[in-house]
Each structure stands twice: as C-alpha cells, then as structure tokens.
Amino acid sequence: MLLLDAVSGSIARFDDRLNHLPAIASVRLGLRPGYLKRGTGLMAYAAWRYRLLGGAERTLRYVEIAQQLSSADGRFSRYRTWFLYCSSLRPWFEPRREAADGLRCVEEAALECGDREYVNFARSLRAYIRAVSGTPLSDVIGELPEQTRAPLGLLLGRPDALLERARILEQAERALADAPQLMRHARTLWMLALCVLDDPAAVLEQAHRSGDPPASGTLEADWRFYRALAAAALLRALDDPTPPARWAERWLHRLRGRHGRSARALRRQFREDRRRLLRWARRGSDFLHMAQFIEAERAWLRGRWSSALRLYEQTSHLALQRGYLHHAALAQQRQAGLLRSLRRETEAARARSQSVAHYQQWGAHACVPPASDLSP
Amino acid sequence: MLAVGAAAASEHYLECARGLLRDEDAAADPQLAFDVRMQSALSAVHRRALDEADVFFDRLSRQSLVPMQAVQVTMYRIGVLAMRERIAEAVRLGLEALRPLGLRWSLRPSRLRIRLEYLRTDWLLRGCDASDFATTT
C-alpha cells in the first residue's frame, strides 16, 4: 500500500490508462486480511470505474460502502474521501454547481488540518466546475488558478481583443509549460473558449495537445463535448463544396501532417465522444443537453435538417433550464448557421440575436458584435 | 536533526557515523548499517544532492534487506526520480517493485486489460458491504 501511494503520483503524470492501477490495486489489497481498510481507496475505485464503464447502480453502492468505511477513518482520510466524492462522483449524478459547492466543506476541513495541498485542490476544482457549467465569467475568473485564466479572459474582453488571440495563446502555452499539472484543465477551458469563438481546428489542436482528458471534476465530459462539436464542424466543412470551405481542407491537411489525422479518424472520435456522453446523460441531468446537442450535430451531418433544428431548439431550452447559458448560446449559434445554409435568413437572424443575448448574459463580451452587425 | 530539517548539520554527524561503520559492523548489525546509509541518503535528498543520494541507494540495494526495508528504499528512489522529472523511470521502478506483490501491470496497459481488471475486482466485491470489509481486517 505504501509503495502504491509512492508510485501513484508519478503514474498520474505519466499515463491516463495506468491511472486505473492504484484505484484497482488499493481495493484488491484492501480486501486482503491485514491491510488497512480506508474509504478513500474504494471511493477512487468507484470514480475511475464509472468514468470508464458507467453502471450507476453499482457505483452508488460502492460510494455508500466507502462512506461507511470513511466514517470510521481518521479526520484526514475522511475529508479526502469526501473530496473524491464531491469532485469525481457527485457531479456525474447531481447538478454540477451544487456538487461543486460540497468542495467548500472539504476546503474548510483541509484548512483546519493545515493541509494546503487539499485546500488548493478543492478550491481550484470547484472553480473549474463552476467555469464549465455556465457561471457568469466575471464571477468565476478570479477563482481560477492564474495560469488558467487566459481563455475566459479572452471571452470577457472586447471583440477587438480577439485580434491578439495568437499572442495570448502563445503566452498561455508558456505559462502552462511551468505548470504541467494544470495542463489538461487549462486546455479544456481553451477548448470551451475556442468552440465559442467558432474555431474547430484550434479546438482539435488543444484536444490533441492535452492527449488525455482531465481525470477529475467531470471535466472529461466537457472535453469530449467540445471535441465532438469541433469534429462535427470540421467534417461538415469538408463536405461543403463551396470555396470558403477550403479552410477546412487546409486545416485537415495541417492536422494530418502533424498528427496523422484523417476525416475517418475524426468520425471515429466523434462516435466515441457521442457514446460516452449518451452514457453519462442517462444519470446526470447536466449532461442531457450536451448529448442532445451532439445528436443535433449528428442529424445535421446526416442531412436531417428538420430533426437537427428541433434538437437544437430542445438543447437550448434544456441548457437554459440547467443554467448553461453558454451552451444555449452555442446551440443557437449552430442553429443560426443551419438556418442560413437553408436560406431561412429571418429565422437565422433571430436565432443569432438570441445567441448573442445569452453570450452577453454569460459575460462573453468578445462574442457580442457591434449593434450594427446584428441589424437585418 | 534530519527530522527537524537541518540536513547540512546532520550530514556532518552522518559522515562521522559512516567513517566508524566497518564491514564487520554491517554484518553484525544490519539494521544499524541500514539506518546509517538510509539516513545519509535522506540527508542527501534534503540537500538536493541527488547524485549522492543515488550512490547511497545503490549501496543499500546491494545490501540484503528485509522486505519492508526494500520497500522503503524503492519508495525513496521513486521520489528522487520524480524530483528529477524522470517520470517514466519512476513508474517503471514502481511497477517492478509491485510485481512480486501480485500486481503485474505493463507500462501501457490495453483498454481490454483495464476492463478485465475492473470486472475481476467487481467480482471480488460482489455482495460485499462495509461489515464484510471490517471482518477481513
């Protein structure tokens, strides 16, 4: 168990798949006579298992056992188990912002014990969860670790700040090189920002650079969601015979050159992300609209326009109900694009203005064009 | 002295201890020899003299150790490799040390392997509740 604890830190930085080892091994060892029985091991096992295999009933049973075991644990182990629950399990089943509020208790307990490491974990994870779940940008940006603020800062700024995007991205890359532990979370936030700014190729580039999705805080769902949206946009652009779509071919060529990516690989990625999101949407109310959004994209890719429009409409309603302003705005933005391609300009303009209103409400001033651009 | 963070001062005394430690002492009292070398290695780690620490760890690995001592040495070696950002080597060393304990994992396990491991663990956990865990203690 000591050896496992010693190697698990290195494993977390080495390989996402190998990360399952400490969780599985600690449960296996815990079942042997003479080994220490801690709730933390079983809670971590439940979290990793659900991420990969799903199976809510079984996962919740393990959570219950882990909570019972942790009640007999010492103070340190107790709040660490609670941290795992609030960061990696509860958000899959309950509204994420409520689940993230549970991390406040962890932060306080860790602070009382002088455990600065867990204070920082709890604080930053709560900020990430709030950032991806539609909390107004101005409220959440100050809570994020400094190296991960750039993408949301870009959205908060004025539209002319977008001209400096390349420079900001370059600076952020340099900052991340000094903090590799924040890399996956920061890249998820970049994927969010670049998706909102309608740059699918750059979103895929970020996904590729991060390698694996972030392991904690259900941010994997967001990572997969934005990657699927970007893949759908790129695939659609490739099918478009008009000259402006040449950018997509250029980008795909660049991506292929660098990472061996092809349209077929993009389709495979899209299918994988869709499958995962559909699985998580079965039990997590916050993932339902994301899965529906992906279904809308799929319908558009397959040329089922009316079905796609209906799904976009449903997605934006559902997203608004859950407080995901940015997802509602994104769905309306895509809906406007589809309507424009069908030459239904009036409806497209209405969807676009609704989208802008939601972006404004969210605080993404960079996505709000000057009033003259919105007038028909 | 090392425990309160005075690594440089402790090294002074540890150097004397190493000078006094003869091969026959190590044979007569292996625990004492282990303690001296281990504390010397830790003092080097605290002073960030990682090459020096490696030399001590190598010497310790050649010594015949009881399992708990071997685990202790491996743990610190993993820590030193991680401090040097040689993560792959740290993981490899950890996996090699876990192998005799029945955890035989490769550096890049396949998805199928992971799924099978989960299924096997689920099978072991079938019908378990907190009281079952408690009775196995």
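FYI, it's all coordinate maths here, none of it is from the lab. Just so it is clear, the model here is predicted, and its values are computed rather than measured. As a convention, Cβ positions derive from the backbone with ideal geometry for all residues, glycine included, and neighbour counts pool all protein chains shown.
Observations
- Residue of A:69, A:53, A:182 that the Gaussian network model of chain A assigns the largest fluctuation, springs spanning Cα pairs under 10 Å: A:53
- What you get for the range A:1-144, charging only the Cβ of Lys and Arg (+1) and of Asp and Glu (-1), is a dipole of about 460 debye around the Cα centre.
- Placing unit charges on the Cβ atoms of the charged side chains and taking the dipole of the range A:24-151 about its Cα centre, the candidate lying farthest along the positive direction among A:46, A:105, A:132 is A:46.
- Between helix A:263-281 and chain A: long-axis angle, C-alpha atoms, 0 to 90°, nearest 10: 60
- Spatially, the range A:323-344 and the range B:20-59 are offset by 67 Å when compared through their Cα centroids.
- For A:150-156, mean number of other protein chain Cβ atoms within 10 Å: 0
- Tilt relative to chain A, helix A:165-177 - C-alpha long axis, 0 to 90 degrees, to 10: 10
- For the peptide B:93-105, the mean number of other protein chain Cβ atoms found within 10 angstrom of a residue's Cβ is 4.
- Fewest-first ordering of A:76, A:270, B:57, A:293 by other beta carbons within 10 Å of each residue's beta carbon gives A:76, B:57, A:270, A:293.
- Among A:20-29, A:357-366, the order from most to least packed when residues are scored by Cβ within 10 Å on average: A:20-29, A:357-366
- Charge dipole magnitude, Cβ of K and R +1, D and E -1 - chain B, Cα centre, debye nearest 20: 820
- With neighbours defined as other Cβ atoms within 10 Å of a residue's Cβ, the residues B:80, A:106 order from fewest to most as B:80, A:106.
- Relative contact order %, chain A, counting alpha carbon pairs below 8 Å whose residues are six or more apart: 13
- Computed on the Cα atoms alone, the convex hull of the protein assembly as shown gives a volume of 165 cubic angstrom per residue.
- When the charge dipole of the protein assembly as shown is built from unit charges on Cβ atoms (+1 for Lys and Arg, -1 for Asp and Glu) and taken about the Cα centre, the candidate among A:118, A:191, B:79 whose Cα reaches farthest toward its positive end is A:191.
- Extents of the range B:72-137, largest first, come to 44, 30, 19 Å (Cα atoms, principal axes, whole angstrom).
- Note on A:79, A:312, A:118: ascending count of other Cβ atoms within 10 Å places them as A:118, A:79, A:312, the fewest first.
- Residue by residue along A:10-22, Cβ atoms of other protein chains within 10 Å of the local Cβ number 6 on average.
- Dipole magnitude of the protein assembly as shown about its Cα centre (Cβ charges: Lys, Arg +1; Asp, Glu -1), debye to nearest 20: 2340
- Taking every Cα-Cα distance in the range A:31-163 and sorting them into 5 Å bins starting at zero, the pair-distance distribution P(r) comes out as 2, 10, 17, 18, 18, 13, 9, 6, 3, 2, 1, 0, 0 percent.
- The C-alpha atoms of chain B define a longest principal axis, and helix B:67-83 lies at about 90 degrees to it.
- Two-decimal log10 I(q)/I(0) for the range B:7-106, as the Debye equation yields it once each C-alpha is a single scatterer, q = 0.10, 0.18, 0.23 Å⁻¹: -0.30, -0.87, -1.22
- Residue (of B:55, A:144, A:289) at the positive-pole extreme of the protein assembly as shown, dipole from beta-carbon charges: A:289
- Inter-probe distance in nm under a simple model that places probes 7 Å from Cα toward Cβ, at residue A:32 and residue A:268: 3.8
- Contact order relative to length of the range A:54-152, as percent, for alpha carbon pairs under 8 angstrom and 6 or more apart: 19
- Within chain A, helix-based [θ] at 222 nm, where runs of 4 or more DSSP H residues each add -39,500 (n - 2.57), nearest 500: -23500 deg cm²/dmol
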